[in-house]
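Novice: My structure is below; once you've seen it, I'll send some questions.
The values are calculated or read from the model by the stated rules, or taken from the named source; none is laboratory data. All figures in this text were calculated on a predicted structure; none of them were measured in a lab. Cβ coordinates were reconstructed from backbone atoms using ideal geometry, including for glycine residues, and neighbour counts include every protein chain displayed. We work out accessible area using only protein heavy atoms, side chains counted, and drop any ligands, DNA or RNA first. Shrake-Rupley method; radii C 1.70, N 1.55, O 1.52, S 1.80 Å.
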Amino acid sequence: MNNYGFSDTAVTVLKERYMHVKPDGSQETIPEMFSRVANYLSKERAQEYYQVMMSRDFLPNSPTLMNAGRKGMAAQLSACYVLPIEDSMDGIFTSLHHQAMIHKYGGGTGFNFSKLRPKGSRVNTTNGVASGPVSFMELFDVSTEKVMQGGTRRGANMGILNVDHPDILEFISCKADDTKRLNNFNISVGMNDEFMSKVENKTLSEQEREIWNAIIDCAWKNGDPGLVFFDEINRHNTTPELGELTATNPCGESPLLPFESCNLGSINLAHFITYDGQDEYFNGRGIDWRGLERVTCIAVEMLNDVIDKNHYPIPEVTEAVNLTRKIGLGVMGWADMLCKLGIKYGS
């Protein structure tokens, strides 16, 4: 098989997860896969889209490669969603249903559990007590375990709890043991300026110091929790009239409003190196700015076409996405670019 410049490992992954099996039982080739995606997104720009993917200058996120033009299945093309969770049984299980539908079609989900009342709180409707956010996170975790994304991979989640929630210490340490608890969640503490100002000025109260030390200890032990700085995020919120940003997608690239989705894609910076000998600072190598500009424009058009051709699992997402039309254009190959230019990564 012709690898078309892809490594053997990349080809193995493409075969297992991305290339479709045709009606005659044979599998797509790499050009056929990219042609399927390009033609589904736009007949007019299909050749441009095909070329940037075949050259690996730009690649869209996994659901687009997997599902665009897929026969017999709605084409869910976005990688990430944010879902709201309200403090009621109806609200919690509605969000659980929405999560399952999104995971079924290949997306990941982010949640802020801060609206849920703390463990031990009185529940007036049943005269019982609340079990708290972490217990309901376990419910979402089990659902993720059982629902295979698009038949190809397991789902992923981001769980966030604000630093001022009464259950924050339980949340911070919920992944600190070795029991694989909440294995399908990344977790982050929702931070605010007030708390961080106290950290910087060393004016934390005893309780706040306990929280801060717990964050440091658990993050050092296993990488969780991270921190999400919501005051800073909302200073850059482009649509504040639609509400505050309170959650991100599973890997934290995209802060999103409730029910928003974001389709991601990455430009490979390592492919934009020139060798014309004109730039001594870069050891005779430079950056192909015109080429980078050209591919950036094509990538933006492509991600916008993903929005128009996407099939969203629930109507609330369709409405939210078409209202804001967010795309996530990122980069990869940054370290490789620096290496080729002879620049130290940490310089």
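Novice: Pairs needed: first member in region 1-26, open to solvent by 40 Å² or more (accessible area, probe 1.4 Å); second member anywhere, part of a loop (DSSP other than H, G, I, E, B) and of a type in the set (Ser, Thr, Tyr); C-beta distance under 7 Å; at least 6 residues apart or different chains.
Specialist: 17/152
Novice: Being open to solvent by less than 30 Å² (accessible area, probe 1.4 Å) and among the polar types (S, T, N, Q) is the filter here, so list the residues in region 260-275 that pass it.
Specialist: Of everything in region 260-275, those that are open to solvent by less than 30 Å² (accessible area, probe 1.4 Å) and among the polar types (S, T, N, Q) turn out to be 261, 263, 268.
Novice: I'd like the full set of residues that are among the small types (Gly, Ala, Ser), at pLDDT 90 or above and in contact with a His (Cβ under 9 Å, 6 or more places away or on another chain), limited to region 127-155.
Specialist: 143, the sole residue that qualifies.
To keep it simple, each residue is scored yes or no on (1) in contact with a Lys or Arg (Cβ under 7 Å, 6 or more places away or on another chain); (2) touching a residue at least 60 places away in the same chain (Cβ under 8 Å).
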{"site": "56", "(1), (2)": "no, yes"}
{"site": "78", "(1), (2)": "no, yes"}
{"site": "86", "(1), (2)": "yes, no"}
{"site": "90", "(1), (2)": "no, no"}
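Novice: Next question. Quick check, is residue 42 in contact (Cβ under 8 Å) with a residue 60 or more places away in the chain and touching a strand residue (DSSP E or B) at 6+ places or on another chain (Cβ under 9 Å)?
Specialist: So residue 42 fails the test.
Novice: What residue, among those in region 185-208 that are surrounded by 14 or more Cβ atoms within 10 Å (Cβ to Cβ) and of a type in the set (D, E, K, R), is nearest to residue 113 (Cα to Cα)?
Specialist: Of everything passing the filter in region 185-208, 208 is nearest to residue 113 (Cα to Cα).
Novice: Out of region 92-115, which residues are open to solvent by less than 50 Å² (accessible area, probe 1.4 Å) and over 20 Å from residue 312 (Cα atoms)?
Specialist: Once the filter is applied, which keeps residues that are open to solvent by less than 50 Å² (accessible area, probe 1.4 Å) and over 20 Å from residue 312 (Cα atoms), region 92-115 yields 92, 112, 113, 114.
Novice: Of all residues in region 37-49, which are under 24 Å from the mean Cα position of the chain (by Cα) and surrounded by fewer than 22 Cβ atoms within 10 Å (Cβ to Cβ)?
Specialist: 40
Novice: Could you check, for region 318-334, whether at least one of its residues is touching a helix residue (DSSP H, G or I) at 6+ places or on another chain (Cβ under 6 Å), farther than 20 Å from residue 49 by Cβ and not hydrophobic (A, V, I, L, M, F, W, C)?
Specialist: no
Novice: If you take the residues of region 122-138 that are surrounded by 16 or more Cβ atoms within 10 Å (Cβ to Cβ) and more than 16 Å from residue 158 (Cβ to Cβ), which of them is nearest to the chain's Cα centre (by Cα)?
Specialist: 132
Novice: Oh, and also: Kindly indicate the residue of region 211-259 that is in a helix (DSSP H, G or I) and acidic (Asp, Glu) and also least open to solvent (accessible area, probe 1.4 Å) among those meeting that condition.
Specialist: Once the filter is applied, the top-ranked residue is 231.
Novice: Only one of (1) open to solvent by 40 Å² or more (accessible area, probe 1.4 Å); (2) without any contact (Cβ under 8 Å) to a residue 60 or more places away in the chain; (3) within 25 Å of residue 103 (Cβ to Cβ) is not met by residue 182, so which one is it?
Specialist: Among (1) open to solvent by 40 Å² or more (accessible area, probe 1.4 Å); (2) without any contact (Cβ under 8 Å) to a residue 60 or more places away in the chain; (3) within 25 Å of residue 103 (Cβ to Cβ), residue 182 violates only (1).
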